[in-house]
1. For a paramagnetic label modelled at 7 Å from the Cα of residue 339 toward its Cβ, which residues of segment 385-429 fall within the zone defined by backbone nitrogen distances under 14 Å?
2. Roughly how many whole Å is it from the C-alpha centroid of segment 684-726 to that of segment 475-507?
3. Compute the distribution of all C-alpha to C-alpha distances in segment 342-432, in bins of 5 Å from 0, and list the percent of pairs in each, rounded to whole numbers.
4. Report, in degrees rounded to the nearest 10, the 0 to 90 angle that the Cα long axis of helix 598-607 makes with the longest principal axis of the chain.
5. Under a no-solvent Debye model with one identical scatterer per Cα of segment 246-333, what's log10 I(q)/I(0) at q = 0.19, 0.25 Å⁻¹?
6. Could you state the angle between the C-alpha long axis of helix 13-34 and the longest principal axis of the C-alpha atoms of the chain, as a value from 0 to 90 degrees rounded to the nearest 10?
7. What order, most packed first, do the peptides 405-416, 58-69, 439-450 have when packing is the mean number of other Cβ atoms within 10 Å of each residue?
8. Would you calculate the convex hull of the Cα atoms in segment 359-491 and tell me its volume per residue in Å³?
């Protein structure tokens, strides 16, 4: 480390006098701190909701008032800022005690609602309002009832005991008030009770909608309380008699087959047994007035169940049209898979799902069709057609299927997609790119979720009698073996033939292995065999990085930890957080046995802004011997036009620039003092990450006064540049 100071330095008895002076100064500071005492410490007794607070990130959390001797930090300002941004109401905060010191400072004792974070925090100089590290916070935002909420009647959608915000009711919306829990722990006894809604609102952190329900019959009021709106369904009449002039339309979930609700569509003058619609040239249709009224009735019944934006498809209308008065018909509906999007499901010619794509655009509105209708023709906008086709072609890569003979959307496919409403899905059949010949067998690999990974087509050899013989020959082993090593080797060979990397059989479940074995034993020429493979877990080269500068000690150097610093992108954070980002860098991750080169490592440092870093220190120790006390987050938390805490204005500080560079067989990047990279500049990723030490390859420090100009810098890099300016 090179140190720059204007004063000449003589290591002599004068230096000893300097050390003594420092000791005296530090002793005086400690003594001053010890004179701070608490003059009051009482329980807060104001309304509980008025004591809900949020962290501002301007003060840390301590075991006691931070100005007291022996106070220990519980959480840094950075941690508290993260808590303040949490999207979980369990991280709401309650203040419950207040203390004042003889210096006039106010401190509050606080706890997160989940009880995991607790301590004292500076709260300003007045008990009349929260300040400093806290601010008042509203955990729940009251809302207005929609027409459906006001006029509808509801039941529990899934009665039971789950504490998941949508199965049982709560005295207040979950986690919005401290230690206020469930109204009932089992909603099963209330499964057939009908409720009305009288209040609604959203939790501030999650933004999810809650409603307060009450039983229409007061005798069933035991479960009256708060629940997620999505935890309710429209009150059902499935088991009640069907009027002679009505058709009951039972609605079930397309994915699970579970009953959602039902609606009765009545028509004056209708005769029992007559069909609701009519058959025109072999196609069942509904009268336009009927389809409009049924659409509105079903959409209203489904909206409270989370099935928003419902629009009848041609197939659903045909099914309802065939229903007879006095009886029921069942249709399946799709719960919106993604907000303001159309899910396009790709299937093979037999209807088996291959993959899917979710598509949205800037004009997406749930319930509105993606395309436009001109007479009886549905079309897509040119921009949508082009974008959708590109996504679908990409989703079909490696599957052995295409959209059409020339792999473009046909007019019929575009029409199907165009009439699909945002929030719903549509299925598109594909064609085989290269149909499997009678002397071939195709291996189609899918991951454990059923998503396609890739495929390979094998051709029968003269000696092969069965398709399995052809597969075994291609595997150079036996993919039906019960020996795990033999099995893995055979699959590795087959996967390589398909050009698939990053998958194996090691983590397959017993049922998945059994399914693969059954599929292989049934293999036949002219057909495809679906085989399940598991994703190889990605491993990180490192589990942790520690940052060190090299402090000069006259004869030798020593590792000086750098725990809080600024990267070359101007971000200031703890070594822990910078370490996590570097550990996750894609350059330093791969599969066990993969090699990371010096070049890749240096690229990771560059990508994370860690090839050059800056840190600051107090001017409280001889930096040419030991280095000054390093600045932490509390020293660099300025809010009034400076990165520095105001206590440093006008003071002398040290600013350092440090570079880190990986080299072959060099202990600058090492495990302890053992170089990480071999003489060829390589290191192998193992099954567990390494604890890696990063030492400065060069370092430069300067003392500088935080005068008006230097105090106003926006980064440590700017301060360093000021210090080195000629």
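Taken together, the values in this text are just the output of simple stated rules run on the coordinates, not laboratory data. Here the structure is a predicted model, which is why all the values come from computation and not from measurement. FYI the Cβ positions are ideal-geometry reconstructions off the backbone, even for glycines, and counts take in every protein chain you see.
1. Correct set: 423.
2. So the two Cα centres are separated by 50 Å.
3. 3, 15, 28, 26, 17, 9, 3, 0
4. 90 degrees
5. The Debye formula, applied to the Cα set alone, gives -0.83, -1.36.
6. The angle comes out at about 50 degrees.
7. Working: 405-416: 15.1, 58-69: 19.4, 439-450: 17.9.
Going from most to least packed, we get 58-69, 439-450, 405-416.
8. Working: hull volume 18.8 nm³, N = 133.
For segment 359-491, the hull spanned by Cα atoms encloses 141 Å³ per residue.
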